[in-house]
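Inspection log for the structure reproduced underneath, given as structure tokens.
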Amino acid sequence: MSRQALLHRPLFTGGLPLDRHRAAARISAYVYGNVLILAALIPIPVSPRHVGILIVVGAALSTFVAHAFAESIGQSIRENRSLTSVDRRGELRDSLPILTAALLPCAILACAWFGWLEPRTAQLLAEGTVLVRIGGTAFVVRRLQGRKPHRSTLIQALLVTAAATAVVVVKVILTH
């Protein structure tokens, strides 16, 4: 297998291409997870003792479980049948991008917890990485559509980042 094929195929699919439904479910979970992790990060009060790792982990885990549960119910209604264990594992796999949204921010916050970064710097870096991931969605969608990135992809990335930031601002204002 070529390096190009290895880097651009979906994980754990046995070499089979990802169908449109699965790709859409995963990109949806990716965006949803990143927006909610960003919303969890922004209002965290930072101090040398409290850097918010548990808040971010809690947001990721609870969102993952809720998303997988809701999507499973939705799929059972769409298909008018009870889900099999294979279907349930598929829903869990499709929801994994919610958990991966928390990995890098938690690693950065851990650096503050260990004293390697100032807590406020770590929080800003963690928020920045999530914004980059959200903006990167435009490139991921383009790749899933089998199209190469274009100049307009960068504009779309900026617009997606702005929209996600607006959603987070509204969430923080209304709920915190």
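Some values worked out for this structure:
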| read-out | value |
| --- | --- |
| Cβ-Cβ FRET estimate between His150 and Leu18, R0 fixed at 25 Å, reported to 0.05 | 0.70 |
| Cα gyration tensor shape of region 17-176, rounded if a/c is under 1.5, else prolate or oblate by comparing a/b with b/c | oblate |
| Surface accessible to a 1.4 Å probe, per residue, for the residues of region 37-111, Å² | 51 Å² |
| Projected label distance in nm at Ile73 and Ala163, using a 7 Å step from Cα toward the beta-carbon | 2.6 nm |
| Region 131-176 - accessible surface per residue (Å², probe 1.4 Å) | 69 Å² |
| Rounded percent of accessible protein surface that carbon and sulfur make up, region 30-176, 1.4 Å probe | 71 percent |
| Computed magnitude of the charge dipole of region 26-176 (debye, nearest 20; Cβ of K, R +1, Cβ of D, E -1) | 460 debye |
| Calculated [θ] (222 nm, deg cm²/dmol) that DSSP helices of n ≥ 4 give over the chain, each run adding -39,500 (n - 2.57) | -27000 deg cm²/dmol |
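The values are calculated or read from the model by the stated rules, or taken from the named source; none is laboratory data. In this text the structure is predicted, and so the values were computed from the model without any measurement. Virtual Cβ from ideal backbone geometry, glycine too; neighbours counted across all protein chains shown. Side chains are part of the model used for accessible areas, which takes the heavy atoms of the whole protein and leaves out ligands, DNA and RNA. Shrake-Rupley method; radii C 1.70, N 1.55, O 1.52, S 1.80 Å.
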